[in-house]
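Engineer: Below: one structure in structure tokens.
The values are calculated or read from the model by the stated rules, or taken from the named source; none is laboratory data. Owing to the predicted nature of the structure, the values given are computational and were not obtained by experimental measurement. Note that we place each Cβ from the backbone using ideal geometry, even for glycine, and neighbour counts take in every protein chain shown. Protein only, heavy atoms only, side chains kept; ligands, DNA and RNA dropped before computing areas. Shrake-Rupley method; radii C 1.70, N 1.55, O 1.52, S 1.80 Å.
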Amino acid sequence: MSRSCASLPSPNPSWDATFLAGALKAAAVRRSAPHVGPLHAVLVKLGLSASAILTTSLAHLALRCGLPRYARDLFDEMPRPDVVSWTSLLTGHAHQGLHRESLALLRRMVGSGVEPNGYSLSGGLLACAGVGQDALALGKEIHARVLKMSLHGPVDPVVENGVLDMYSSCGSIEYACRVFWVMQVRNIVAWNSMMAALLGSGQPEEALRLFVSMVSCGVGVDGFSFSIVVDACGDLALLKQGTQVHAQVVGGGFEADVVVRNSLLDMYAKCGCVDSAELLFKVASSRDSVLWTTMISAYGKFGRAQDAVSLFDMMAQLGMKQDGIAYLAVLSACSHGGLVREGWHYFNLMSHGQSSVKMHPEHYGCMADLLCRRGYLEEALEFIENMPFDSSIAAWSALLNSSRIHGNAKLSQLAASRLLKLDPENHSNWVALSSVHASENDWHETWTIRESMSRECIKKEPGCSWVELYDGVHIFLMADQSHPELYGILKTLDSLEDISMMSFQGT
């Protein structure tokens, strides 16, 4: 027995390191938190704690398992972490949503004298995008490092796309456009990111123009591209263009893409074609909760509240997940349809814990809007004042509008005053408060408010609407005298007013 034992080969440290590296990688793929401690113990027992590669892999595993403190403790025990270790830790934090911690690690890395590489900068850019506008200054510093890096050779497209996304997420669309047009490689990711940034910043027309340029340049279009351009058509209510894009979606084989399908349904609803949206929904025959929620919202916007309620109840019967957005859609539908009893039913499902959905101010705002639309102003006021959140702008706006409609000056003044305190930067709140006092012939208070508006250079933006006709889109601004068909428009309005008066007198 002793002779056979002696003949066995002694353990090879390289084998142990190889096996441990494989185990760490497998555990990271599975995000297996229970393996973090035991694997760490094996690392120590084998005397491999000094291995930067294995310690970095263990820290990476800890991060993927949601143990950032554990990962940082491991990292801090490393005698001389190299650029790979720093990069793994800071990018891991960024991917886990720990953006500010990731940026702090990047600062430590630079302060320690370790030069960031492209992957390090990419992680820093991702973290800046996650923080948003507050990280714009640091994002510009990282961009400067990227430019410096480009002097020594081509920059990885992933890093360039990271710069573009950082500026977009930080609200600096102008910088994002500049970066986009000077990029060394504009791949489909870059085009999609730029279109999404334009759409997200309220520039759907520019997003459509960029899509045309993208196709003209011969860049391939994917489902994300179609989703963005369909959303842009929906925001502008461009039914003709939206239908053309729908044809391209079908031709490209993207009609089964869940995201594209949701965008198409939403586009038809925004363009006033709820029947087309309904047809698309039925043809899809899908149990995707987002698609169902979009359809519920479409029904609600067009006054088909009962259809919205039925569809929402059917989701529950089929065992589909109903999240906060789904509840918001059905509450909005109840509000538009005046279904007070049904609205209270769904609201109580959330508030009494019968649903796992967490309540948000938007849900309370919808319920307040429902009460206001039905004329239950005193009940609405009590409901708003007893909200467990800070006062909702949407709720007070609903009370203000309904109070003015029902001629309740006292509530109108209260709601307008609260709105002004909540959102003083919104110029329409100043105008609303002034108008409320003017309607009660309280000219002293009216002029006091208007003088304050004049001192603060506050002016209300003119109302704007548009309609798509055969020869294009016609835009109308309040008090605008420049429309080429102004005379015909006013003449038609006068005739409609005469018809309305005749109908009123006839009844």
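Engineer: Could you tell me the distance between the Cα centroids of segment 115-129 and segment 247-283, to the nearest Å?
Structural biologist: If we compute the Cα centre of each part, the gap is 38 Å.
Engineer: I've got another one for you. Output the relative contact order of segment 98-235, whole-number percent, from Cα pairs under 8 angstrom with separation of 6+ residues.
Structural biologist: Relative contact order for segment 98-235 comes out at 18 percent.
Engineer: Still on this structure, I have one more. Compute the relative contact order of the chain as a whole-number percentage, counting only Cα pairs closer than 8 Å that sit 6 or more residues apart in sequence.
Structural biologist: The normalised contact order for the chain reaches 5 percent.
Engineer: While we're on this one: For segment 194-273, rounded, prolate or oblate, judged on the Cα gyration tensor with a ≥ b ≥ c (square roots of eigenvalues), a/c < 1.5 rounded, else prolate if a/b > b/c?
Structural biologist: Oblate, because a/c is 1.5 or more while a/b does not exceed b/c.
Engineer: For the chain, with all protein chains present and a 1.4 Å probe, just round the carbon and sulfur fraction of the accessible area to a whole percent.
Structural biologist: 57
Engineer: OK, next. Can you give the helix-only mean residue ellipticity at 222 nm for the chain, where every DSSP H stretch with n ≥ 4 adds -39500 (n - 2.57) and the sum goes over all residues, rounded to the nearest 500 deg cm²/dmol?
Structural biologist: -22500 deg cm²/dmol
Engineer: As I understand it, the value is the acute angle between the Cα axis of helix 305-317 and the longest principal axis of the Cα atoms of the chain; what does it come to in degrees, rounded to 10?
Structural biologist: Between the helix axis and the principal axis of the chain, the angle is about 30 degrees.
Engineer: Among all the lysines, which ones have a C-alpha under 20 Å from K321's C-alpha, if same-chain residues fewer than 8 places away are not counted?
Structural biologist: Output for K321: K282, K358.
Engineer: Here is a follow-up. Beta carbons within 10 angstrom, averaged per residue: use that to sort the peptides 407-416, 88-97, highest first.
Structural biologist: 88-97, 407-416
Engineer: Further question on the same structure: Measure nothing but the geometry: give the 0 to 90° angle between the long axis through the Cα atoms of 274-284 and the longest principal axis through the Cα atoms of the chain, rounded to 10°.
Structural biologist: Helix 274-284 and the main axis of the chain meet at about 30 degrees.
Engineer: For segment 186-315, what does the accessible surface come to per residue with a 1.4 Å probe? Please give it in Å².
Structural biologist: That works out to 42 Å² for each residue.
Engineer: For segment 224-337, what does the relative contact order come out to in percent, with C-alpha contacts under 8 Å and a separation of six or more?
Structural biologist: Answer for segment 224-337 is 22 percent.
Engineer: Further question on the same structure: Shape call for segment 130-245 from the C-alpha gyration tensor, a ≥ b ≥ c root eigenvalues: rounded (a/c under 1.5), prolate (a/b greater than b/c) or oblate?
Structural biologist: oblate
Engineer: Checking the cross-link filter: which lysines have an alpha carbon closer than 26 Å to that of K410, excluding same-chain neighbours under 8 positions apart?
Structural biologist: Hits, sequence-local ones excluded: K421, K459, K460.
Engineer: Name the residue from L24, V230, L399 whose Cα lies farthest towards the positive end of the charge dipole of the chain, charges +1 on Cβ of Lys and Arg and -1 on Cβ of Asp and Glu.
Structural biologist: Working it through, the farthest residue towards the positive pole turns out to be L24.
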